[in-house]
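No value in this document is a laboratory result; all are computed from the given coordinates. All values derive from a computational prediction rather than experimental measurement. Because the Cβ atoms are built from the backbone with ideal geometry, glycine has one as well, and the counts that use them run over all protein chains shown.
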Amino acid sequence: MITNTELEFKGDLYPSKIVLMEQDVDSVFFHADNSVILKLTVLRDSMIRFRYTVKGYFSNDFSYAIDKSHSHGYNFLEVTEENDYYQVKTSKVKCRIQKIDMRVSIFDLNDKVILEDELGFHWEECYEHGGNIVKMSKTSKDGECFYGLGDKATQLNLKGKRVENFATDQYAFSKDQEPLYKVVPFYIGLQKKQSYGIFFDNTFRTYFDFCQERRNVTSFWAEGGEMNYYFIYGPQMQDVVTTYTDLTGKPELPPLWALGYHQCKWSYFPESNVKEITAKFRDLKIPCDAIYLDIDYMEGFRCFTWNKEYFPDPKRMVAELAADGFKTIVIIDPGIKIDKEYSVYKEALEKDYFCKRADGPYMKGKVWPGECNFPDYTNPEVREWWAGLFKELVSEIGVKGVWNDMNEPAVMEVPNKTFPMDVRHDYDGNPCSHRKAHNIYGMQMARATYHGVKRFAYPKRPFVITRSAYAGAQRYTSSWTGDNVASWEHLWIANIQVQRMCISGMGFTGSDIGGFAEQPSGELYARWIQLGVFHPFCRTHSSGDHGNQEPWAFDEEVIDITRKFVNLRYQLLPYLYTMFWQYIEEGIPMLKPLVYFDQEDIQTHYRNDEFIFGNQILVCPILEPNSLGRRMYMPRGQWYNYWTSELITGGKELWVDTKFDQIPMFIKAGAIIPKYPVQQYVGELEFDELELDVYYKESKEKSVVYEDAQDGYDYKKGRFSLLSFTTIGKGNEFYIQLYKEGKYDTNYTKFKINLIGLPFKVKEIRIDNEKITYDKRIFDSKNYLIIDKEFTELNIVGI
Ligand code: GLC
């Protein structure tokens, strides 16, 4: 065994030997004789928190990330002492803490090592700022893989990479560029087909090194604060991600329209331009639910004001747009223009709500309006005030959503692009410098915005989107990946970023479709839309300083492709909404990278491009120009080609032919995919049938469809409809069983069943054991079977 002294780095300090162990209900304290204390808390059988101090006592325990309502409680906890170590055992794992140096090893119940300290906890004193640089290193076995960490623009598996977490306005970022806009210090390790997670809940600048510096070592460290991390045991990646998401929280359901298509540009103005854009969507019959107003709607970029020349009567305009099915979303930035005539500025000044420098002056920085001061959103009173500012926008003018930008926070014309580190923050009664508050500034802004929009949108649901975020921000807001570029490489990046965000708890995310900077070719735009409709958040946005980026900026073929894929998204709305519901109920990521889908199959460990949309649709975007298809990995199981209905057995790499108006897309055999008719916006049509694409499978498969009033909060009182389908294929019989829950009665009365892949000719159909007569011709043409939605078993018998 190597000892710490052999590996010691100059300046690093280590815990010395443990001299005392004390247990207090769910926590065990290990005291070293040099004032280091490790507090180990068992939160769940599969989740243990490790908190270290070097001072002999712990400071106030406070976190913006942790959802106070997360589930905790365990079935079993036993603490024992051996000669060389203490052992803390739960019903899932054993932790051993070495007496000599406090190093920790975690095992499963079969004594298989899951994670082991290398140097373990160590630290370096920081003379300049006080406090310590806190460090942790773990040994890593060959073949170990790493995933997670939010918006990183690099390959999905982070093995061999070092990443930095410091929220940054990274305009036109490039592949592998660090750091980016969001901070999610959570990763998943996968070793020997077993997954575990680490959430390092420290808001200072943090780093993670995944075997880049040293081949068999993974480390993470922070420029201040505590070594404070949560270990989450899988062994399935599903368990790690859902436990992490439960710990840091889930959002409420968004209004269904927010899952529609959104159109944005910097900027649509004046009013006539906005109307031209929205009218064109309706003319061309490309569905669209939301239109965005970027900074030019304001008077001199002052938040909560309107430029009356461009928008003389915002309330009327917003109402007219609403009558045509468009929800208006406006941008609100954190920088408040220094202007004695401006009411928001005056009020914040009077109430002392702006951030201050260490020596007293207000934090001053340039953003769009010129010199600005910045509210301290880490002060609960400031958040409350900020929330109140949305009254006019939301209650009176009728704005349906708010877009928070520049909240890393971004400052222009300064080398570090943000606040100086001496700026002071309240941090909810734990005063600190910007070093500690920087990474959560954007999240707290979005949180305050969310509470405001929610208050005034009531009884409807709010919609908020943010650029910067810290772990847990998903409780309040959706997000986008920031200022990307119209390039093929960025299409690749967008695909990975959104998958990564999904397994990092923050799934309601999308990229600027087509790219923000520079002009996409029609082909690139079409390929991006074909991917973007499968992202939880789906919006075209562009910087507007080049050509246009509405679908009609491109040729007819691209317009048709855009319509075809946006139509598909609108058809799949009940499927997408069900995915969202599974995310808010159980923390299940809406997009699943292949490794999440099947971690036992090592072929999936380094895949980047293919992902599962929801639970049953496999998507693989086309990421190169002039493609007539591509090679892809088909995960294990049986899959139907969506376009041709051909049945393919997975577990292999293959070439898939596609046309320009297709991307490789496959449906899991046995799945039932619900579809609405194409609508130009959510709620446009009333319809009497829910279409169900039913894919035959020999053996059993389950599918669910969640629906509710599509807005409002009645769903929380049980007014939802949950359809649980089981399909069973057995020789020449096929069964569809249905079990219903919930108190919401959907408007439609029938199912329009589309049977795909039936291996036999239909002889007889029984509904709840009664033979029905039907027109045989339907199975010769389209295979549609229209039946009443009240049934429990449908039996299709073949010849
Ligand atoms: C930032 C945002 C971008 C927005 C622009 C103007 O660059 O990331 O989305 O359009 O500011 O507000």
| Tell me, in nm to one decimal, what length is gained between TYR713 and ASP359 on full extension, where the rule is 0.36 nm per residue of separation less the Cα-Cα distance? | 122.8 nm
| task | Return the sequence-ordered ³J(HN,Hα) values of segment 428-434 in whole Hz as given by the Karplus equation 6.51 cos²θ - 1.76 cosθ + 1.60 applied to θ = phi - 60°, using x for Gly and Pro. | result | 6, x, 10, x, 7, 8, 5
| task | Count neighbours as other Cβ atoms within 10 Å of each site's Cβ, and list the GluC sites (Glu not before Pro) in segment 52-150 that are DSSP loop with at most 15 such neighbours. | result | GLU82, GLU128
| remark: FRET efficiency (PHE760, ASP108; Cβ distance; R0 35 Å; to 0.05) is 0.15
| query | Short version: ³J(HN,Hα) in whole Hz for each residue of segment 529-535, in order, from phi by Karplus 6.51 cos²θ - 1.76 cosθ + 1.60 (θ = phi - 60°), x for Gly and Pro, what are they? | reply | 4, 5, 7, x, 5, 9, 9
| task | Determine the shape class of the chain: with a ≥ b ≥ c the square roots of the Cα gyration tensor eigenvalues, call it rounded for a/c under 1.5, and otherwise prolate if a/b is greater than b/c, oblate otherwise. | result | oblate
| Among the lysines, which fall within straight-line cross-link reach of LYS730, defined as a Cα-Cα distance under 19 Å, with same-chain neighbours fewer than 8 residues apart omitted? | LYS668, LYS697, LYS700, LYS702, LYS761, LYS763, LYS771
| Relative exposure of ILE397, ILE529, judged by other C-beta atoms within 10 Å (fewest first) | ILE397, ILE529
| query | At what distance in angstrom do the alpha carbon centres of segment 327-376 and segment 559-637 lie from each other? | reply | 42 Å
| task | Hand me the trypsin sites (Lys or Arg not before Pro) from segment 284-388 located in a DSSP loop with no more than 13 other Cβ atoms within 10 Å, in residue order please. | result | LYS285, LYS308, LYS340, LYS351
| remark: Everything considered on the Cα gyration tensor (a ≥ b ≥ c; rounded for a/c under 1.5, else prolate if a/b is larger than b/c, else oblate), segment 686-798 must be described as prolate
| Residues whose placed amide H lies under 5 Å from that of LEU690, excluding near-sequence neighbours | LYS750, PHE751, LYS752
| note | The ³J(HN,Hα) series, computed from each phi in segment 114-125 with the Karplus coefficients 6.51, -1.76 and 1.60 at θ = phi - 60°, rounded to the nearest Hz and given as x for glycine or proline, is 9, 7, 9, 4, 8, 6, x, 6, 8, 8, 10, 6
| request: Please order ASP101, ASP405, ASP12, ASP775 by the number of other Cβ within 10 Å, starting at the fewest. | output: ASP775, ASP12, ASP101, ASP405
| Residues of type lysines that LYS17 reaches as a straight line, Cα spacing below 30 Å, ignoring anything fewer than 8 places off in the same chain | LYS39, LYS55, LYS89, LYS92, LYS94, LYS99, LYS112, LYS135, LYS138, LYS141
| note | Amide H contacts under 5 Å for GLY225, restricted to residues at least 5 apart in sequence or on another chain and with H modeled in the peptide plane, are ASN132
| task | Would you kindly state how much longer the chain becomes between LYS564 and GLN737 on full extension, computed as 0.36 nm times their sequence separation minus their alpha carbon distance, in nm to one decimal? | result | 59.1 nm
| note | FRET efficiency for LYS17 and TRP643 from the Cβ-Cβ distance with R0 = 60 Å, rounded to 0.05, comes out at 0.35
| What is the spin-label model distance, in nm, from ILE338 to ASP661 if the labels are put 7 Å beyond Cα along the C-beta direction? | 5.8 nm
| With at most 12 other Cβ atoms within 10 Å, longest stretch of the chain clear of loop chymotrypsin sites (Phe, Trp or Tyr not before Pro) (DSSP) | 128-799
| field | segment 615-645 residues near the modelled SER699 label - backbone nitrogen below 19 Å, point 7 Å along Cα→Cβ | value | 615-618, 634-641
| remark: The exposure ranking of LEU40, LEU293, fewest beta-carbon neighbours within 10 Å first, is LEU40, LEU293
| remark: segment 551-584 scanned against label point 7 Å out from GLU276 along Cα→C-beta; backbone N under 12 Å for none
| R0 = 30 Å: FRET efficiency of LYS366 with ARG162, Cβ-based, nearest 0.05? | 0.40
| request: Within segment 631-732, list the trypsin sites (Lys or Arg not before Pro) lying in a DSSP loop whose Cβ has at most 12 other Cβ atoms in a 10 Å radius. | output: LYS659
| query | Can you give the calculated 222 nm mean residue ellipticity of the chain, where each DSSP H run of n ≥ 4 adds -39,500 (n - 2.57) and the sum is split over every residue, rounded to the nearest 500 deg cm²/dmol? | reply | -5500 deg cm²/dmol
| task | For GLN87 and GLU653, compute 0.36 nm times the residue count separating them, minus their Cα-Cα distance, and round to one decimal in nm. | result | 199.3 nm
| Rounded if a/c is under 1.5, else prolate if a/b beats b/c, else oblate: with a ≥ b ≥ c from the C-alpha gyration tensor eigenvalues square-rooted, which is segment 591-668? | prolate
| query | Check VAL485: other-chain or 5+ apart residues with amide H under 5 Å from its amide H, H built from backbone geometry? | reply | PHE516, ALA517
